[in-house]
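Trainee: Okay, here's the structure, questions in a sec.
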Amino acid sequence: MLLVVAGPTAVGKTALCVRLAQHFGTEIVSADSRQFFREMCIGTAKPTPAEMQGVPHHFVDSHSIAEEYSAGRFAADALAKLDELFRTHPVVILTGGSGLYVQAVTDGLDELPGVLPEVRAQLQAELATHGLGPLVAELAATDSVAHARIDPQNPQRVLRALEITRGTGRPFSSYHTQDTAARDAARPFRVVKVALTRERDVLYERINQRVENMLAEGLLDEVRALLPQRDWPALQTVGYQEIFGFLAGEYDWAEAVRLLQRNTRRYAKRQLTWLRRDAAYQWVNV
């Protein structure tokens with residue numbers, strides 16, 4: 001059985017999954033798309049060795065931000081790891097706040113055509129020059145289905161959809177025609193999905209406190225060290241963009257902290273919205 005434990009940032013997934021892993025005598029596969037990267041620790045709330053309590057966590061610190069690592073590639077790697085783990089463990093835990101990456105493992109993703117380098121370069125140039133707004137508007141005009149599904153504040157996903165649409169002349173959503181039989185054959189295990197939640201005020205207070213803890217642990221120095229790579233895809237995320245703006249002189253420190261807390265709360269809200277679309281989740285109020 002694959003036990004999926006999902007939920008918004010700061011809800012308490014790590015602590016619960018460690019307890020569950022100890023109970024079942026098993027290991028954890030992380031589906032957090034930000035914790036893959038070795039260079040991003042404090043800003044991703046990556047679990048420390050003390051928090052892991054000796055429980056093996058796979059796909060934490062597994063890649064560099066210099067690598068492109070998609071949900072599709074992760075799914076292939078994670079399924080291979082699960083095949084290995086299920087030989088000795090009847091239960092394995094999959095956890096993380098990245099809904100697309102969890103879905104890639106449990107339900108599969110559609111095969112998409114390759115991307116033309118010139119299309120990708122043009123879109124990245126437009127993003128750098130005009131920002132994300134016009135690209136989101138283009139997605140809404142050309143593919144309303146994808147626009148409804150994709151987080152409009154996630155540049156990687158917006159650009160990915162437009163890369164396919166512009167490059168092929170077909171809407172990105174038109175490629176969502178997954179082969180159910182092939183998907184099930186690649187996943188010969190039972191999946192149980194649990195989503196964690198808390199009262200909104202409690203969750204938001206935990207998020208604000210987590211941000212304070214990150215700053216006390218040295219988030220500013222971590223982001224400053226990554227400043228030369230600020231335009232790399234892995235760093236287009238909450239926790240890094242707000243500090244990059246401060247370092248660029250766009251606003252003062254108090255505003256950086258305010259934006260970091262606000263954007264993390266918004267990120268948690270989007271995570272909850274994503275999870276609620278999947279009726280297979282059983283909800284647990286922590």
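Trainee: Looking at the range 107-141, which of the residues that are charged (D, E, K, R) and touching a helix residue (DSSP H, G or I) at 6+ places or on another chain (Cβ under 8 Å) is nearest to Gln153 (Cα to Cα)? If you could, list the steps in order and put the result at the bottom.
Mentor: First pass over the range 107-141, keeping only residues charged (D, E, K, R): 107, 110-111, 118, 120, 126, 138.
Cutting the leftovers down to touching a helix residue (DSSP H, G or I) at 6+ places or on another chain (Cβ under 8 Å) gives us 107, 110-111, 120, 126, 138.
Values: Asp107: 24, Asp110: 23, Glu111: 24, Arg120: 18, Glu126: 16, Glu138: 14 Å.
Within the range 107-141, the match that is nearest to Gln153 (Cα to Cα) is Glu138.
Trainee: Another question, then. Inside the range 7-30, can you point out the residues that are in a loop (DSSP other than H, G, I, E, B) and over 23 Å from Leu226 (Cα atoms)?
Mentor: Taking the range 7-30 first, the residues in a loop (DSSP other than H, G, I, E, B) are 7-12, 25-27.
The answer is Gly7, Pro8, Ala10, Val11, Gly12, Gly25, Thr26, Glu27.
Trainee: Identify, from the list Ala50, Ala76, the residue that is farther than 11 Å from Val29 by Cβ, modelled with pLDDT of 95 or more and small (Gly, Ala, Ser).
Mentor: Values: Ala76 fails: modelled with pLDDT of 95 or more.
When all the criteria are applied, what remains is Ala50.
Trainee: Okay, next question. Got at least one residue in the range 36-43 being at pLDDT below 95 and among the aliphatic types (A, V, I, L, M)? I'd like the intermediate steps shown before the answer.
Mentor: Let us first name the residues in the range 36-43 that are at pLDDT below 95, namely none.
Among the residues of the range 36-43, not one is at pLDDT below 95 and among the aliphatic types (A, V, I, L, M), which makes the answer no.
Trainee: Now, a different point. Assigned by TED's automatic domain parsing to the domain that holds Phe86, surrounded by fewer than 20 Cβ atoms within 10 Å (Cβ to Cβ) and of a type in the set (Ser, Thr, Tyr): does that describe Ser33?
Mentor: When the stated conditions are applied, Ser33 does not pass them.
Trainee: Out of everything in the range 37-66 that is under 16 Å from the mean Cα position of the chain (by Cα), part of a loop (DSSP other than H, G, I, E, B) and free of Cβ contacts under 8 Å to residues at least 60 places away in the same chain, what residue ends up being nearest to Arg224 (Cα to Cα)?
Mentor: Within the range 37-66, the match that is nearest to Arg224 (Cα to Cα) is Arg38.
Residues checked against (1) under 22 Å from Gln271 (Cβ atoms); (2) assigned by TED's automatic domain parsing to the domain that holds Ile150; (3) part of a helix (DSSP H, G or I):
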{"position": "Gly72", "(1), (2), (3)": "yes, no, yes"}
{"position": "Ala75", "(1), (2), (3)": "yes, no, yes"}
{"position": "Leu82", "(1), (2), (3)": "no, no, yes"}
{"position": "His89", "(1), (2), (3)": "no, no, no"}
{"position": "Ile93", "(1), (2), (3)": "yes, no, no"}
{"position": "Gly97", "(1), (2), (3)": "yes, no, no"}
{"position": "Val102", "(1), (2), (3)": "yes, no, yes"}
{"position": "Val105", "(1), (2), (3)": "yes, no, yes"}
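Trainee: Could I ask something else about it? Go over the candidates Glu163, Glu126 one by one and state the one that is among the acidic types (Asp, Glu) and surrounded by fewer than 19 Cβ atoms within 10 Å (Cβ to Cβ).
Mentor: Numbers: Glu163 fails: surrounded by fewer than 19 Cβ atoms within 10 Å (Cβ to Cβ).
Exactly one of Glu163, Glu126 is among the acidic types (Asp, Glu) and surrounded by fewer than 19 Cβ atoms within 10 Å (Cβ to Cβ), namely Glu126.
Trainee: Something else: Identify, please: which residue in the range 140-154 is surrounded by 15 or more Cβ atoms within 10 Å (Cβ to Cβ) and in contact with a Pro (Cβ under 8 Å, 6 or more places away or on another chain) and is, among those, modelled with the lowest pLDDT?
Mentor: The qualifying residue modelled with the lowest pLDDT is Ala146.
Trainee: Out of the range 114-164, which residues are in a loop (DSSP other than H, G, I, E, B) and farther than 26 Å from Gln271 by Cβ?
Mentor: Narrowing the range 114-164 to residues in a loop (DSSP other than H, G, I, E, B): 114-116, 131-132, 143, 150-154.
Scanning the range 114-164 gives Gly114, Val115, Leu116.
Trainee: For the subset of the range 12-28 comprising residues that are within 18 Å of Gln209 (Cβ to Cβ) and surrounded by fewer than 18 Cβ atoms within 10 Å (Cβ to Cβ), which member is farthest from the chain's Cα centre (by Cα)?
Mentor: This residue is Ala15.
Trainee: In addition: Which ones in the range 206-245 are on the phi > 0 side of the Ramachandran plot and without any contact (Cβ under 8 Å) to a residue 40 or more places away in the chain? Show your work before the answer.
Mentor: If we filter the range 206-245 for residues that are on the phi > 0 side of the Ramachandran plot, which is where we start, we get 218, 239.
Within the range 206-245, no residue meets the criteria.
Trainee: For the range 234-244, does any single residue satisfy the condition of being farther than 24 Å from Ala66 by Cα and either surrounded by 13 or more Cβ atoms within 10 Å (Cβ to Cβ) or of a type in the set (Phe, Trp, Tyr) (or both)? Lay out the reasoning, then the answer.
Mentor: Restricting attention to the range 234-244, the residues satisfying the condition of being farther than 24 Å from Ala66 by Cα are none.
No, the range 234-244 contains no residue that is farther than 24 Å from Ala66 by Cα and either surrounded by 13 or more Cβ atoms within 10 Å (Cβ to Cβ) or of a type in the set (Phe, Trp, Tyr) (or both).
Trainee: Please return the ranges of helices (runs of 4 or more DSSP H) entirely within the range 216-286 where 2 or more residues are among the hydrophobic types (A, V, I, L, M, F, W, C) and closer than 27 Å to Leu123 by Cβ. Spell out the reasoning first.
Mentor: Values: elements: 219-225, 241-247, 253-276.
Result: 241-247, 253-276.
The values are calculated or read from the model by the stated rules, or taken from the named source; none is laboratory data. Remember, predicted model here, so these are calculated numbers, not experimental data. When we count neighbours, we look across all protein chains shown, and the Cβ atoms used for this are built from the backbone with ideal geometry, even at glycine.
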